[in-house]
1. Rounded to the nearest 10 degrees, what's the angle between the helix 2-15 long axis and the longest principal axis of the chain, both from Cα atoms, 0 to 90?
2. Starting from a Cα-only point model with no solvent, please compute log10 I(q)/I(0) by Debye for the chain at q = 0.08, 0.13 1/Å.
3. Probe of 1.4 angstrom, ligands and nucleic acids ignored: what's the accessible area per residue over the chain, in square angstrom?
4. Would you list which aspartates and glutamates come within 20 Å of Lys376, measuring only between C-alpha atoms, while excluding same-chain residues fewer than 8 positions from it?
5. Does the stretch 1-142 come out rounded, prolate or oblate by the C-alpha gyration tensor, with a ≥ b ≥ c the root eigenvalues, rounded set by a/c under 1.5 and, if not, prolate when a/b is larger than b/c and oblate if not?
6. Can you give me the Cα centroid spacing of the stretch 182-256 and the stretch 32-108 in angstrom?
7. Shape verdict for the stretch 184-318, please, from the Cα gyration tensor: rounded (a/c under 1.5), prolate (a/b greater than b/c) or oblate.
8. Along the charge dipole of the stretch 70-178, pointing to its positive end and built from +1/-1 on Cβ of Lys, Arg, Asp and Glu, which listed residue (Asn138, Pro173, Leu157) has its Cα farthest out?
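The values are calculated or read from the model by the stated rules, or taken from the named source; none is laboratory data. Note that this is a predicted model, so its numbers are computed, not measured. Don't worry about glycine lacking a Cβ; one is built from the backbone with ideal geometry, like all the others, and counts go over all protein chains shown. SASA here: full protein model, heavy atoms, side chains in, ligands and nucleic acids out. Shrake-Rupley method; radii C 1.70, N 1.55, O 1.52, S 1.80 Å.
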Amino acid sequence: LAFDSAISLADYLHSESTMEAAFERYQEERRLELLRLQSAARNSLEWFEEVERYLDLDSVQFNYSLLTRSQRISHENLRLRDPDWLNVAEKWFQTAAGVADNEPVRPPMFTPFKLRGMELKNRIVVSPMAQYKAVDGNPTDWHLIHYGERAKGGAGLIYTEMTCVSPEGRITPGCPGLYAPAHETAWKRLTNFVHAETEAKICCQIGHSGRKGSTNIGWEGMDKPLTDGNWDLVSASKIPWSDENAIPHEATRVEMDRIRDQFVAAAEMANRAGFDMIELHAAHGYLISSFISPVSNTRRDNYGGNLENRLRYPLEVFRAMRAAWPEDKPISVRISANDWVGEAGVTPQEALEIACAFQAGGADIIDVSAGQTSTKAEPVYGRMFQTPFSDRIRNEAGICTMAVGNIYEADHANSILMAGRADLVAVGRPHLADPYWTLHQGASIGDRLAVWPKPYEAGRDQTWRLADREAEVVRV
């Protein structure tokens, strides 16, 4: 880094008209590289400081975790350095997942995974992403095509966007629901297509908007209140999302009972609609999250104050959903593992306790997100920036986790999985740009065993040929 910086400074001292201009250009160019190095150093330092959390890993996975601790050395980078060792590591990973010894070795993202009675063909998840195209809570043909395409695209598990438990539980008028018979029928049509035409499984994320409801659809002003047709808001406490949003009223015990029952009814409808899995949305500042986070919960009763009290109602809702959901079907919980407001909010240490509480209540996997609980949050962005929270929960508490957040390459997914930082990897925005992200990423790293829809096999063959040709050019 020092040599690179010296070369850069020397170049600018010769190319710029003044020394001041040279130093300005130098500072601008090297700042980003220095930030990247600092981030890598921080990741590496934390790995060594918390090495005890990895001591129970198999020696192969421990070595891989050590080698990739900074996130600057990735899966494919290791393949360049020592392809034989990485092949052994990948073999170990898929054998540990129950793949027969005589099966060909594949990258970790294509290793199967099982939760209760649900078996996924691979570890890639399509994140829940709002579409704002529902009509009166009813999913439309847009949703059929949107989710159907991504199910055909090779991912093992498809998530719906947050599906709301009541009309007033919607974020926007364009959000879908599970509170009317027509909703159940429409979702059933969609799950039938996914199951009939693909190998993917589908999960319904269930939630209530709380104080973040009654707002515009995304492209008309995210989190901005509606100009007309607003509905009353409810939250853990009388704290608005922002100065622009309406003040919610504090949920009464009668309302909490009713909303809990709405979550249960939605879970029952999701089962009848054919979903393989459901998730309780307890993150991002929505209703359940508003009880968990001290930035939105200032109650003075048994549902506010310390973490045990703040978790009381979320756990009540979750346990009721788990009791109503079939025993052989998994259920997950999405949490915000960091409010990004320092000690005033949920911290990664508290997130560990939150995850343990939901696991004790019957959660099969924790979907580890972060933030979006306060307008005062100061997140630290970067590649895979939320993965360390998943890593901590998985390896300190022994809980299955799903990693999310700025994961956009197969290399990211394989590194996360192989190092044991998560059991599943959720990919969001890349799936908006490319419904076939999983198949295309597999082709780019040389995997030729993914199953493509039969009508698309000619396109598969061309994709593979082009990927092989590009790889050959790189080698030359």
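1. Approximately 80 degrees, to the nearest ten.
2. -0.51, -1.24
3. Values: 21250 Å² over 476 residues.
With all protein chains present, the chain gives 45 Å² per residue.
4. Asp223, Asp243, Glu244, Asp339, Glu343, Glu350
5. It is oblate, given that a/c is not under 1.5 and a/b is not larger than b/c.
6. 38
7. Values: a/c = 2.35, a/b = 1.47, b/c = 1.60.
Oblate, because a/c is 1.5 or more while a/b does not exceed b/c.
8. About the Cα centre, the residue reaching furthest to the positive side is Leu157.
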